[in-house]
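Worksheet: one structure, shown below.
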Amino acid sequence: MNINEIDIFSGAKAPVVIAGPCSAESEEQVMAAATQLAAAGVTLFRAGIWKPRTRPGCFEGVGPEGLQWLTRVKKELGLPVATEVATAAHVEAALSAGVDLLWVGARTTTNPFAVQELADALRGVDIPVLVKNPVNPDLELWIGAFERLNNSGVTRLGAIHRGFSSYGEKIFRNSPQWQIPLELKNRLPQLPIICDPSHIAGKRELVMSLSQQAMDLNFNGIMVEVHCNPSCALSDARQQLTPAELVAMLDGLVHRTSEGDTSHFAAHRTRLDEIDDELIRLLARRMEIVREIGKVKKEKGITVFQPFRYKETMERCAALCVNHKLDVEAVKDVFEAIHSESIRQQLCIVNDNI
Ligand code: PEP
Ligand code: MN
């Protein structure tokens, strides 16, 4: 993929901060937030003009009229502006209003037809585009969106991690599943990644700690929803910060470097490498035994998967975790992976395709 630097970001002091209301609601509301955010030194002003709402009848954005307010922010305050686009018509309107950066929303990323429509509308227009993760945890779908845009000649690309939706009661509105954006960074190291703590959190109390986590995980910046009067916001009222709260949060963020002197813990790292080698040898031995059992299961006509045995293994491990002060859920994930590989190996044996 041909990815170039986003110049709006390069002049900015790290981390990049994109801030502004969930939705542009009125000219006064936009100008009031933007004036305070310009004074706070944010990199870019955000505001949704067209809002993808889960249920009809909610506030669905002010539409093209709001683009003129963004043009005012840009001209009068010198702050670059960004908005979400979901259709070719949105792209056309945003480009003619001189919007500096576009983002693709999570619901749009989920739909390859919609992303392709945006890519076609952007052919030959090299505006920076940030792509939010799809609402479902599907890394390939996220990467597919970058590829579609890149194939149309969009090179100034970046990602926004806004968490993944799930059903039922939960702490976060959208679960962070950090391993997915981190894997994206492994696959496309040159792609900047911004974290959107507001949509992950769903409530303002969690925005600070999520922003700190994003910094600790070496994200390039954050996109935060900010409103002068959050409780009266027409969308996402629970998760928006006031400009003063944003400033306090930015002041409180601890910045670490990924290029520090690692010699302080070189000996520990050597020991970790030794332990990892040992783990691999142990896994190989475990799989040898698993294959032996597989042969007997085949001979005696016993099914490969036996739920009671799986339950027993998991319970035994969970009890050991408590004694060793290990996180039960994290260790369960590891054992589920080991168990599913064991099952795969035995299936090969009973079906003679080793
Ligand atoms: C937004 O940024 O206001 C928005 C609608 O976000 P998402 O696409 O992440 O839901
Ligand atoms: Mn929002």
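Within segment 82-114, restricting attention to residues that are surrounded by 17 or more Cβ atoms within 10 Å (Cβ to Cβ) and of a type in the set (Val, Ile, Thr), the residue that is farthest from ligand 2 (Cβ to nearest atom) is 91.
None of 145, 119, 106 is within 19 Å of residue 195 (Cβ to Cβ), touching a Lys or Arg at 6+ places or on another chain (Cβ under 7 Å) and of a type in the set (Gly, Ala, Ser) except 106.
Taken together, the residues in segment 231-265 that are under 20 Å from residue 213 (Cα atoms), surrounded by 15 or more Cβ atoms within 10 Å (Cβ to Cβ) and more than 16 Å from ligand 1 (Cβ to nearest atom) amount to 5. When residue 73 is tested against the conditions (1) away from ligand 2 (no atom under 16 Å from the Cβ); (2) open to solvent by 10 Å² or more (accessible area, probe 1.4 Å); (3) β-branched (Val, Ile, Thr), the lone failure is (2). Please tell me if residue 118 is in contact with a strand residue (DSSP E or B) (Cβ under 6 Å, 6 or more places away or on another chain), under 20 Å from residue 47 (Cβ atoms) and open to solvent by less than 20 Å² (accessible area, probe 1.4 Å). The answer is no for residue 118. Residue selection: residue 53 fails the criterion of being touching a residue at least 40 places away in the same chain (Cβ under 8 Å), in a helix (DSSP H, G or I) and surrounded by fewer than 16 Cβ atoms within 10 Å (Cβ to Cβ). Just one of (1) within 16 Å of ligand 2 (Cβ to nearest atom); (2) on the phi < 0 side of the Ramachandran plot; (3) open to solvent by less than 10 Å² (accessible area, probe 1.4 Å) fails for residue 34. It is (1).
The values are calculated or read from the model by the stated rules, or taken from the named source; none is laboratory data. Note that the structure is predicted; figures quoted are calculated from it, not measured. We place every Cβ from the backbone using ideal geometry, glycine too, and count neighbours over all the protein chains shown. Surface accessibility is based on the protein's heavy atoms, side chains included, excluding ligands, DNA and RNA. Shrake-Rupley method; radii C 1.70, N 1.55, O 1.52, S 1.80 Å.
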